[in-house]
1. Please identify the pairs in which a residue from segment 1-23 that is open to solvent by 30 Å² or more (accessible area, probe 1.4 Å) has its Cβ atom under 6 Å from the Cβ atom of a residue that is in a loop (DSSP other than H, G, I, E, B), counting only partners at least 6 apart or on another chain.
2. Exactly one condition in (1) free of Cβ contacts under 8 Å to residues at least 12 places away in the same chain; (2) polar (S, T, N, Q); (3) open to solvent by less than 40 Å² (accessible area, probe 1.4 Å) is not met by Thr104; state its number.
3. Please name all residue pairs, on different chains or six or more residues apart, with Cβ atoms under 7 Å, provided the first residue is in segment 65-86 and is closer than 17 Å to Thr110 by Cα and the second residue is open to solvent by 20 Å² or more (accessible area, probe 1.4 Å) and not in a helix (DSSP H, G or I).
4. Identify, please: which residue in segment 110-126 is open to solvent by 60 Å² or more (accessible area, probe 1.4 Å) and touching a residue at least 24 places away in the same chain (Cβ under 8 Å) and is, among those, farthest from Met32 (Cα to Cα)?
5. Within segment 24-35, work out how many residues are part of a helix (DSSP H, G or I) and open to solvent by less than 90 Å² (accessible area, probe 1.4 Å).
6. In the set Leu44, Leu49, which member is at pLDDT 95 or above, in a helix (DSSP H, G or I) and out of contact with any helix residue (DSSP H, G or I) (no Cβ under 7 Å at 6 or more places or on another chain)?
7. Mind listing whichever residues of segment 46-63 are of a type in the set (Val, Ile, Thr), surrounded by fewer than 16 Cβ atoms within 10 Å (Cβ to Cβ) and touching a residue at least 12 places away in the same chain (Cβ under 8 Å)?
Amino acid sequence: MNRRMVFYVAGQMVLVEAILMLLPLLVSVIYMEKCAYAFLASILIALVLGGAMILIFKPSNKVIYSKEGFIITALSWVMLSLVGCLPFVISQEIPNFVDAFFETVSGFTTTGASILTSYDGMSHGIMFWRSFTH
């Protein structure tokens with residue numbers, strides 16, 4: 001199995017998520033909300049993590065077989081959910097990490113389940129990110 005390729009592709013996925021977080025950052029900046037720093041911090045974390053994975057695990061063999069494809073898919077879901085829950089936790093909109101992780105996994109897997117009982121009082125940027133993930 002080509003482990004280097006697995007982590008390399010997963011790192012690319014994290015970088016794509018960092019780019020997609022620019023949209024809710026823009027919404028937060030437009031509405032002048034405090035949660036903009038949460039998106040900025042999450043983007044920086046994702047850039048460092050994804051960039052490090054790409055640099056460290058640069059593969060010599062760029063062939064992906066079905067075994068690698070399955071592992072890339074599973075690892076990407078977990079990593080994207082871990083990085084995707086950071087804005088919720090950092091902004092303290094969903095302060096519990098497990099709840100934020102559940103909300104993000106629920107969004108990315110399109111289950112429709114939510115831990116939130118009320119959406120009132122949530123910032124526009126966080127609501128955009130939550131809606132974007134769902």
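The values are calculated or read from the model by the stated rules, or taken from the named source; none is laboratory data. Keep in mind the model is a prediction, meaning the values are calculated, not measured. Positions of Cβ are backbone-derived with ideal geometry, glycine not excepted, and every protein chain shown enters the neighbour counts. Surface accessibility is based on the protein's heavy atoms, side chains included, excluding ligands, DNA and RNA. Shrake-Rupley method; radii C 1.70, N 1.55, O 1.52, S 1.80 Å.
1. Every condition considered, the pairs that remain are Arg4/Phe57; Arg4/Pro59; Phe7/Phe57; Tyr8/Phe57; Tyr8/Pro59.
2. All conditions pass for Thr104, except number (1).
3. Every condition considered, no pair remains.
4. Among those that are open to solvent by 60 Å² or more (accessible area, probe 1.4 Å) and touching a residue at least 24 places away in the same chain (Cβ under 8 Å), it is Thr110.
5. 5
6. Only one candidate qualifies: Leu44.
7. Narrowing segment 46-63 to residues of a type in the set (Val, Ile, Thr): 48, 54, 56, 63.
Now restrict to residues that are surrounded by fewer than 16 Cβ atoms within 10 Å (Cβ to Cβ): 48, 56, 63.
Those that are of a type in the set (Val, Ile, Thr), surrounded by fewer than 16 Cβ atoms within 10 Å (Cβ to Cβ) and touching a residue at least 12 places away in the same chain (Cβ under 8 Å): Ile56, Val63.
Table: residues versus (1) assigned to a helix (DSSP H, G or I); (2) over 20 Å from Ser28 (Cα atoms).
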| site | (1), (2) |
| --- | --- |
| Ala74 | yes, yes |
| Met79 | yes, yes |
| Val83 | yes, no |
| Phe88 | yes, no |
| Ile94 | no, no |
| Val98 | yes, yes |
| Phe101 | yes, yes |
| Ser106 | yes, yes |
